[in-house]
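The values are calculated or read from the model by the stated rules, or taken from the named source; none is laboratory data. Owing to the predicted nature of the structure, the values given are computational and were not obtained by experimental measurement. All Cβ positions, glycine included, derive from the backbone under ideal geometry; neighbour counts span all protein chains shown.
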2 protein chains.
Amino acid sequence: MTVSSQVSSEQAEFVSAVAGKLNGFLSGQQDLMAGVSADVAPLIGSISQLVTGGKRLRALLCYWGWRGAGGGAGDPDIVTAGCALELFQAAALIHDDIIDRSDTRRGGPSVHKRFSQLHEAQGWALDSGRFGDAAAILTGDLCLSFSEESFTGIGPRAASGTPARSIFNVMRAEVMAGQYLDILEEVAGPVRDRAGSVDRAKSIIRYKSAKYSTEHPLALGGALAGAPAELLRAYSEFSLPLGEAFQMRDDVLGVFGDPETTGKPAGDDLREGKRTVLVGFAINQASPAEADYLDRTLGNPGLGAEEVEAIRRIIVQSGALEATEALIAELSSQAFAALERLPLQEVPLTALSRLAEAAVSRAA
Amino acid sequence: MTVSSQVSSEQAEFVSAVAGKLNGFLSGQQDLMAGVSADVAPLIGSISQLVTGGKRLRALLCYWGWRGAGGGAGDPDIVTAGCALELFQAAALIHDDIIDRSDTRRGGPSVHKRFSQLHEAQGWALDSGRFGDAAAILTGDLCLSFSEESFTGIGPRAASGTPARSIFNVMRAEVMAGQYLDILEEVAGPVRDRAGSVDRAKSIIRYKSAKYSTEHPLALGGALAGAPAELLRAYSEFSLPLGEAFQMRDDVLGVFGDPETTGKPAGDDLREGKRTVLVGFAINQASPAEADYLDRTLGNPGLGAEEVEAIRRIIVQSGALEATEALIAELSSQAFAALERLPLQEVPLTALSRLAEAAVSRAA
């Protein structure tokens, strides 16, 4: 078997083991819920639906972090860790979609939308939107608890006081802090100093995205396999710039991506008022009048195609797109240079290199 | 020292140890957050504020469940468990207040209100209410993670696979299921069969309230001290009817209580559309026209004093208040009879008896 096909086959086996374990876990929870009331079934149902899709980027990074540190292929502990990360991500998405008022997720209705549709279909009383939000807050809370229940299920390697447990705790706290910085910048950005907008946006993607989506999952896998501190540091030198580049690619796609490919309506990030690095550069490099226009229009849910086009033009003509692409290129080469230095065997090294390629060069 | 003064002094020591531990825990988290950004301080600040108040009913039940099962006074493990329960309760309150649109909590603004006031005070852009809700969703998530981090900090007694860990997991899942049943009944109650309304309301208080607020905390303390299964069963026979009576007392106060004493505006539970056992009896026992009136008015946030008075009249004249009081009395005597049968030493027995008295006979 070639290295490349070994990577593929190990990865496929892991992904399928995670899916199987998630099914088992959630069906156990469904049994517990059935003991409470049949009415509660949609909570677990919507979690199941959500964890079925997705790229499983975090679980895969965790897996290869583990394998790179000498963990065995097919070990049930790393499968359980993968489940915990997927459940955590599902919980974050459920609450994120309420916060961002996103009605679609992975090609279907988001969880709050699912519940408001259920309300309408059943002809229930009072406000369907409010019911949907309330039910999704509770579903996200349940999913957050499940994530931790699953993580604790790893047993001794993830027990109180272990490095893996610390990473899991810091990961959760940092991503929530990062998400807060994100919503804060949406509202405070327009009245804060423009010169600081790029730095603030960089801090947001670091905590909300790069640490959460790449650095911590990779480190978690390593720590579960007992990686020494220098390997975890080497992992970070690779994963942190990778995660930042990944998120900036996402931000560029959010403004310029093809809705057919990204699955999101064009300009939705602008309507939500996301103050990304791309927007930060534009605010800084555009004329004062253009920057005022951005401050006035960003976050307006009613933005039409023409206004979206005008914003895009400012982003391009101010050189913000170019500056962002240059930063993505710089961060990517940092990540790949760090990857070359990683003291890993060929299989995990190839796997991480493939994941990194996919992360920064994607179109959706 | 008399038994009664020993109870008081042990309880005061425990409550103060929990407060100290919570302070230490949250100040450690504040340090971590300061490393992310000074902007994040209000998240921990609002959690600190919330865990400062409250009756600490759950932590105290946990403590006496532990002492009753032979756990030592002043053991740090039970203090940590008390912190975890308080943090969990704070997380639940933060999200509950968003769901119920409650702007006050423990005499001050609720967390979402705090953040929307911050938004207004700072002159930030976009919608302050939406920002407040989003920030409070994230603060509640953070607090939920803290609760679990604290619980895991107990170490071996609460490790994966222990009875205490199972109780903690079931407690979280059941209360979220119960809260969902609660919001579901608000919207589905008016179109479901009236005959089932009391039973559905009973199921809601069992999961949302009784199991969560009394049964599981007491069992958790017992399990941490290694209580045998028969003691945990005996605990339940006492705590479950006690918790149900406690919640029904709360529901009666929500409609008939003195706003001065309860700290909540009169009729707020009616404006929220809570379908309690009290309301269930009224729906069942009132005339069809009156039941229709209840279905039409409950959950209307604009209910005036006259309509609140009309609803109260229906509740009284239908015999619903009387039926509820009779049920509270019956459940209370079940609880006290079970308390007498508990094989406990005098100090924990006296303490539980005092907590039970306070729970069912309070005016606020």
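A compact table of results
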read-out	value
Looking only at the range B:216-239, and only at residues there that are of a type in the set (A, V, I, L, M, F, W, C) and not in a helix (DSSP H, G or I), the one that is surrounded by the fewest Cβ atoms within 10 Å (Cβ to Cβ)	B:Ala225
Matching residues in the range B:31-45 - criterion: being of a type outside the set (D, E, K, R) and within 11 Å of another protein chain (Cβ to nearest Cβ)	B:Leu32, B:Met33, B:Ala34, B:Gly35, B:Val36, B:Ser37, B:Ala38, B:Val40, B:Ala41, B:Pro42, B:Leu43, B:Ile44
Matching option when the condition is surrounded by 16 or more Cβ atoms within 10 Å (Cβ to Cβ), of a type in the set (Asp, Glu) and without any contact (Cβ under 8 Å) to a residue 24 or more places away in the chain, among B:Asp269, B:Asp292	B:Asp269
Every residue from the range B:272-289 that is surrounded by fewer than 16 Cβ atoms within 10 Å (Cβ to Cβ) and either within 14 Å of chain A (Cβ to nearest Cβ) or under 24 Å from the mean Cα position of the chain (by Cα) (or both)	none
Candidates A:Ile154, A:Ile167, A:Ile204, filtered to the one that is buried (at least 20 other Cβ atoms within 10 Å of the Cβ) and part of a loop (DSSP other than H, G, I, E, B)	A:Ile154
Where a residue in the range B:10-27 is under 13 Å from B:Thr52 (Cβ atoms) and its partner, wherever it lies, is modelled with pLDDT under 95 and surrounded by fewer than 17 Cβ atoms within 10 Å (Cβ to Cβ), with Cβ under 7 Å and at least six apart	none
Residue within the range B:194-206 that is of a type outside the set (Gly, Ala, Ser) and facing chain A (nearest Cβ under 7 Å) present	no
Boolean, B:Ala159 is without any contact (Cβ under 8 Å) to a residue 60 or more places away in the chain, facing chain A (nearest Cβ under 9 Å) and closer than 26 Å to B:Val360 by Cβ	no
Unique match (being hydroxyl-bearing (Ser, Thr, Tyr) and surrounded by fewer than 12 Cβ atoms within 10 Å (Cβ to Cβ)) among A:Ser353, A:Ser332, A:Ser361	A:Ser361
Tally, over the range A:55-108, of residues that are hydroxyl-bearing (Ser, Thr, Tyr), over 11 Å from A:Leu218 (Cβ atoms) and modelled with pLDDT of 95 or more	1
Where A:Pro301 falls short, out of the listed (1) modelled with pLDDT under 95; (2) in a helix (DSSP H, G or I)	(2)
Criterion: within 18 Å of the chain's Cα centre (by Cα) and among the charged types (D, E, K, R) - qualifying residue of A:Glu185, A:Glu244, A:Glu230, A:Glu260	A:Glu244
